[in-house]
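Enquirer: This is the structure, below, for whatever I ask next.
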Amino acid sequence: MKINNICCIGAGYVGGPTMAVIAQKNPKINVTVVDINKERINQWNSTDLNKLPIFEPGLDKVIAETRGRNLFFSNEIEKNIKNSEMIFISVNTPTKTYGDGKGMAADLRYVELCARKIAEVAEDDKIVVEKSTLPVKTAAAIKNILDETGSGVHFEILSNPEFLAEGTAMRDLEVPDRVLIGGGQNKSGNAAINALVKIYSSWVPSENILTTNLWSSELSKLVSNAFLAQRISSINSISELCEKTGADVDEVAKAIGMDSRIGSKFLKTSVGFGGSCFQKDILNLVYISKSLGLDKVSEYWNQVIILNNHQRERFAKKILTSLYNTVAEKKICFLGWSFKKDTNDTRESAAIYVADLLIDELANIAVYDPKVSMNQIFNDLNKLSTREKNKNEQFLRVEPNPYDAASNSHAIAILTEWDEFKNLDWNKIFNSMKKPAFIFDGRNILDKNKIEKIGFVYNGIGKPQ
Ligand code: UDX
Ligand code: UDX
């Protein structure tokens, strides 16, 4: 099947950048990203490239090159589904907050809505590509909806999970470790797989394009994220042991990472992993295993989450105990709110949980983050906490720079590893703070010796205490 038009439903962190790169590398294919959120589409169409709805280094350049040429952002969902031979589903699949599987299973209602919409408007054969992370066997459900409610046209379902990491999305898309495409193991399935392989082949070497059956592809995405998150929980568990024994977790990570069988990536201890994927995907794996009666498998993966929650709580508790067991009415400065550097995404960021725990102790929190808006910070906190909204406003404020955030504070907590935090005028900050001035480095980005020389009481994760 020749693909001239692609439609992607969902103009989010995945849909936007992925389609921008597909359009850039395939100038003869028209790519339209649609979304039910009008404001989001307007932002994607904004002439000021600083106003794109997501911040991702290098994205603005690709948008400038492709938008209006063969990349379009639109609210006309039906028309674009109808016009396209290939439709990507890239809507969000959050953890269910209600009913069966609450807190664990993926909420597939948006995906199902997309499938129904596609079935309703399709007038000719379509290839439907799952981009959203989904539980294994979702493709079967999508296929069923399409076949039962469609008007007799043929639908072929592919799974093409996205492995981009935020902050490095453009590079991850440009030179992916692998592109994974799962599809039906029959003639029409193979034809659909080949159509998508061809699109990626415009820039990805063929040895990096892996084709599998549908279920392997769906499961690989979950397992990939689970393995990555597991490494972080593993090193975080060791960080606690280091603090008790006098070992230094960064030294341990380096030493084990030099074993080529282990490898050095994803061994950076932290205040806990965040982001839209890790927790959600592991919970998914836990839920699926449990549903299939695999209790031991389910418990095994659940431990990764338990450890991550523990790491956030442990960090908040350390601040509390170090500040003489009370933070009531003390000012604590938060540097960073996003779940990692170089993104304005805050989903599941450890900062939200740590702030909530400290506000429970009546601390006053002053936050500075270079990319996250005040609105977003309050939304995050209000969503997590059971406190009334105005209570959070009493306890937390957002500052436009790190110096105001730190001034008069008792302690600084580093929650995100933004590069700019390394080069602040730490002498100036020290002089503006209450004494003793504490630093709780949740990312171990500062040089302990330098910081202690200035006079700070430095406390890094997994560092000798
Ligand atoms: C996506 C996937 O959906 C998620 O499962 C995967 O793990 C990561 O990538 P992301 O792009 O980060 O998530 O989500 P988000 O930024 O929330 O974007 C989803 C978009 O879909 C939103 O703009 C939302 O408005 C849109 N949407 C949602 C629709 O257009 N239609 C719907 O029915 C639901
Ligand atoms: C992740 C996967 O990496 C990506 O392949 C998938 O498509 C989506 O989920 P993302 O969540 O964007 O990407 O970022 P990632 O770089 O994986 O970081 C996730 C969290 O782990 C962040 O909070 C980060 O700070 C933390 N992390 C990462 C650590 O604490 N230590 C590490 O060594 C690496």
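Enquirer: How far apart, in nanometres, would the label points at N325 and D124 be if each is projected 7 angstrom from Cα along the Cα-to-Cβ direction?
Expert: The modelled label-to-label distance comes out at 7.5 nm.
Enquirer: Please state the shape class of region 205-310: rounded when a/c is under 1.5, otherwise prolate if a/b exceeds b/c and oblate if not, all from the C-alpha gyration tensor.
Expert: Values: a/c = 2.50, a/b = 1.37, b/c = 1.82.
Because a/c hits 1.5 or more and a/b fails to exceed b/c, region 205-310 counts as oblate.
Enquirer: Hey, if you put +1 on the Cβ of every Lys and Arg and -1 on every Asp and Glu Cβ in the chain, which of A413, S373, N208 ends up farthest toward the positive end of that dipole?
Expert: Farthest along the dipole direction, towards plus: A413.
Enquirer: Is the shape of region 42-173 best called rounded, prolate or oblate, per the rule: a/c under 1.5 gives rounded, else a/b larger than b/c gives prolate, else oblate, with a ≥ b ≥ c the square roots of the Cα gyration tensor eigenvalues?
Expert: Working: a/c = 2.08, a/b = 1.32, b/c = 1.58.
Note, shape of region 42-173 comes out oblate.
Enquirer: By what distance, in whole Å, do the Cα atoms of region 1-84 stretch along each of the three principal axes, largest value first?
Expert: That gives 37, 26, 20 Å along the principal axes, largest extent first.
Enquirer: Pulled fully out, how much extra length does the chain show between R387 and A64, if you take 0.36 nm times their separation in residues and subtract their Cα-Cα distance?
Expert: Numbers: separation 323, 0.36 × 323 = 116.28 nm, distance 4.31 nm.
So the chain would gain 112.0 nm between R387 and A64.
Enquirer: Choose one of Q24, G12, I36: the residue whose Cα lies farthest towards the positive end of the charge dipole of region 1-90 (beta-carbon charges +1 Lys, Arg; -1 Asp, Glu; about the Cα centre).
Expert: Q24
Enquirer: Still on this structure: Evaluate the relative contact order of the chain (contact order divided by residue number), counting alpha-carbon pairs under 8 angstrom at least 6 apart; express in whole percent. All intermediate terms of the calculation are to be shown ahead of the outcome.
Expert: Values: 898 pairs, mean separation 55.6, N = 465.
Answer for the chain is 12 percent.
Enquirer: Sort K391, K383 so the one with the fewest other Cβ atoms within 10 Å of its own Cβ comes first. Intermediate values should be presented prior to the final figure.
Expert: Numbers: K391 14, K383 8.
Result, fewest neighbours first: K383, K391.
Enquirer: I'd like the Karplus ³J(HN,Hα) series for region 393-406: coefficients 6.51, -1.76, 1.60, θ = phi - 60°, whole numbers in Hz, and an x wherever there's a Gly or Pro.
Expert: Each residue's phi maps through the Karplus curve to give 5, 5, 9, 10, 9, 10, 10, x, 8, x, 6, 5, 5, 8 Hz.
Enquirer: Computed FRET efficiency, Cβ-Cβ of S432 and M258, R0 45 Å: what is it to the nearest 0.05? Could you put the intermediate results ahead of the total?
Expert: Details: r = 41 Å, r/R0 = 0.91.
With R0 = 45 Å, the Cβ-Cβ based efficiency is 0.65.
Enquirer: Let me ask you something else. Each label point is 7 Å from the Cα along the Cα-to-Cβ direction; what then is the distance between the points at N375 and N423, in nm?
Expert: For N375 paired with N423, the spin-label model returns 3.1 nm.
Enquirer: Which FRET efficiency value, to the nearest 0.05, do you get for Q303 and K198 by plugging their Cβ-Cβ distance into 1/(1 + (r/R0)^6) with R0 = 35 Å?
Expert: 0.25
Enquirer: What is the ratio of the Cα radius of gyration of region 94-241 to 2.2 N^0.38 Å, with N the residue count, to two decimals?
Expert: Values: Rg = 17.3 Å, N = 148, 2.2 N^0.38 = 14.7 Å.
Compactness ratio reported: 1.18.
Enquirer: Sort out for me the Cα centre separation of region 229-248 from region 304-372, rounded to whole Å.
Expert: Each part reduced to its Cα centre gives a spacing of 19 Å.
Enquirer: Hey, another quick one. Working from the pairwise distances between different alpha carbons, so that the mean of 1/r is found and then inverted, what is region 175-267's Kirkwood radius in Å?
Expert: So the Kirkwood estimate lands at 16.0 Å.
Enquirer: Pairs K131/K371; K2/K143; K331/K448; K25/K340; K96/K126: which are spaced more than 24 Å apart, C-alpha to C-alpha?
Expert: Too far apart for the 24 Å limit: K131/K371; K25/K340; K96/K126.
Enquirer: Listed highest first by mean packing, meaning other Cβ atoms within 10 Å per residue, what order do 259-271, 126-138 come in?
Expert: Numbers: 259-271: 15.6, 126-138: 22.8.
Those peptides, ordered most packed to least, come out 126-138, 259-271.
Enquirer: Need the list of aspartates and glutamates near K296 for cross-linking: C-alpha distance under 15 angstrom, and skip anything on the same chain fewer than eight residues off.
Expert: none
Enquirer: Now for a different question. What whole number of Å gives the distance from the Cα centroid of region 403-465 to the Cα centroid of region 150-170?
Expert: Cα centroid to Cα centroid, the span is 43 Å.
Enquirer: How high is the relative contact order of region 1-72, in percent, with contacts defined as C-alpha pairs under 8 Å that are six or more residues apart? Each step should come with its number before you reach the end.
Expert: On the way: 89 pairs, mean separation 26.1, N = 72.
Reported as a whole number, the value is 36 percent.
Enquirer: Take every Cα-Cα distance within region 146-188, group them into 10 Å bins from 0 onward, and report for each bin the whole-number percent of pairs it holds.
Expert: Bin by bin from 0 Å, the calculated values are 24, 32, 24, 19, 1.
Enquirer: With +1 assigned to the C-beta of every Lys and Arg and -1 to the C-beta of every Asp and Glu, and no other charges, what is the dipole magnitude of region 251-334 about the Cα centre in debye, to the nearest 20? Walk me through the numbers on the way to the answer.
Expert: Numbers: 13 positive and 7 negative charges, 51 e Å.
About 240 debye.
Enquirer: Moving on to the next point. How big, in percent, is the set of alpha carbon pairs in the chain lying more than 41 Å apart? Kindly include the intermediate steps, with their values, before the conclusion.
Expert: Values: 24295 of 107880 pairs.
Summing the P(r) of the chain above 41 Å gives 23 percent of all pairs.
Enquirer: So how do I6, I54 line up by other beta-carbon neighbours within 10 Å, fewest first? Present the calculation step by step, with values, prior to reporting the outcome.
Expert: Values: I6 27, I54 19.
Arranged by neighbour count, lowest to highest, I6, I54 become I54, I6.
Enquirer: How large is the dipole of region 75-213 about the Cα centre if only Lys and Arg carry +1 and Asp and Glu carry -1, each at its Cβ, rounded to the nearest 20 debye? Present the calculation step by step, with values, prior to reporting the outcome.
Expert: On the way: 15 positive and 20 negative charges, 44 e Å.
Roughly 200 debye for region 75-213.
Enquirer: Continuing with this model, one more query. Neighbouring Cβ atoms within 10 Å as the yardstick, rank D124, D60, D35 fewest first. Before the final figure, lay out the partial values.
Expert: Values: D124 9, D60 16, D35 23.
By the 10 Å Cβ count, ascending: D124, D60, D35.
Enquirer: Label W215 and R397 with points 7 Å out from Cα along Cα→Cβ: what is the distance between them in nm?
Expert: With each label placed 7 Å out from Cα toward Cβ, I get 5.8 nm.
Values quoted throughout were computed directly from the atomic coordinates according to the rules given, and no laboratory measurement underlies them. Predicted model, so just to flag it, every value in this text is computed and none were measured. Virtual Cβ from ideal backbone geometry, glycine too; neighbours counted across all protein chains shown.
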